[in-house]
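The values are calculated or read from the model by the stated rules, or taken from the named source; none is laboratory data. Because the structure is a prediction, the values reported are computed rather than measured. All Cβ positions, glycine included, derive from the backbone under ideal geometry; neighbour counts span all protein chains shown.
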Amino acid sequence: MLKRLSLAAATLFAATVPAFAHINPAEHGSLVTGFVHPLLGWDHMLVMVAVGIWAAMIGGRALWAVPLAFVAVMSAGFALAVAGIALPFVEPVVLASVVALGLLIAMAVKLPVSLAATIVGAFALFHGAAHGAELGASGAAIFGLSFAMATALLHGGGLLLGNTLVRTANPILLRAIGALSAGAGLYLMAG
């Protein structure tokens, strides 16, 4: 009975977490707010960690090129949104990125580094646009810098996890993590 209650409580918490990522616009613009923003939304957090895991699975230059592409293009998307240039379908693409990156990990897809960087960059543009659209121009620079730092740290966590699992030759666990991430993305889409 206690296990069921714990599972129910965890499920309810997980269902409400994406709403926490979208904070009061009056609170935007601070270093702390920008830093915690990617940590408070499952969609953002899952993608950031997945980018690191996928880069670790590909290996070589992908270890730095894929996460760097994400942070750089995400920053460009943020700048576009702050400048008032809106992208279409931002939220659906952000959620699709959770599913897509999860599937790339689950299926152990190893692409050339340039193609992998292009794929994560395309998704990153929409993640940045989502962040910038929520913010507006007030405090944009410090907010953008701090959420880019948090994103890089999440990529680093994914790289660490991915490298550990690659080194221990645990492809089943890597694939399971990808499948769980894709499943979480589908759940978020349905919610």
Check your understanding: For the range 69-117, which residues satisfy the criterion of being part of a loop (DSSP other than H, G, I, E, B), among the hydrophobic types (A, V, I, L, M, F, W, C) and within 25 Å of LEU186 (Cα to Cα)?
Key -> ALA86, LEU87, PHE89, MET107, ALA108, VAL109, LEU111
Revision key, fill the gap. Screening ALA141, ALA152 for residues that are touching a residue at least 12 places away in the same chain (Cβ under 8 Å), surrounded by fewer than 21 Cβ atoms within 10 Å (Cβ to Cβ), in a helix (DSSP H, G or I) and of a type in the set (Gly, Ala, Ser) leaves only ALA152
Practice item. Please identify the pairs in which a residue from the range 63-85 that is closer than 10 Å to GLY128 by Cβ has its Cβ atom under 8 Å from the Cβ atom of a residue that is among the hydroxyl-bearing types (Ser, Thr, Tyr), counting only partners at least 6 apart or on another chain. Key: PHE70/THR151; VAL71/THR151; MET74/THR151
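Table: residues versus (1) of a type in the set (S, T, N, Q); (2) assigned to a helix (DSSP H, G or I); (3) more than 26 Å from LEU186 (Cα to Cα); (4) modelled with pLDDT of 80 or more.
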{"position": "LEU5", "(1), (2), (3), (4)": "no, yes, no, no"}
{"position": "ALA9", "(1), (2), (3), (4)": "no, yes, no, no"}
{"position": "ALA26", "(1), (2), (3), (4)": "no, yes, yes, no"}
{"position": "VAL32", "(1), (2), (3), (4)": "no, yes, yes, no"}
{"position": "VAL36", "(1), (2), (3), (4)": "no, yes, no, yes"}
{"position": "HIS44", "(1), (2), (3), (4)": "no, yes, no, yes"}
{"position": "VAL51", "(1), (2), (3), (4)": "no, yes, no, yes"}
Check your understanding: Consider THR164 against the criteria (1) more than 19 Å from TRP64 (Cα to Cα); (2) surrounded by fewer than 22 Cβ atoms within 10 Å (Cβ to Cβ): it satisfies all of them except one. Which criterion is unmet?
Key -> (1)
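Has the range 130-146 got any residue that is small (Gly, Ala, Ser) and touching a Lys or Arg at 6+ places or on another chain (Cβ under 8 Å)?
The initial filter retains those residues of the range 130-146 that are small (Gly, Ala, Ser), namely 130, 132-133, 136-141, 144, 146.
Now drop any that are not touching a Lys or Arg at 6+ places or on another chain (Cβ under 8 Å), which leaves none.
Within the range 130-146 (the criterion being small (Gly, Ala, Ser) and touching a Lys or Arg at 6+ places or on another chain (Cβ under 8 Å)), the answer is no, since none of the residues qualifies.
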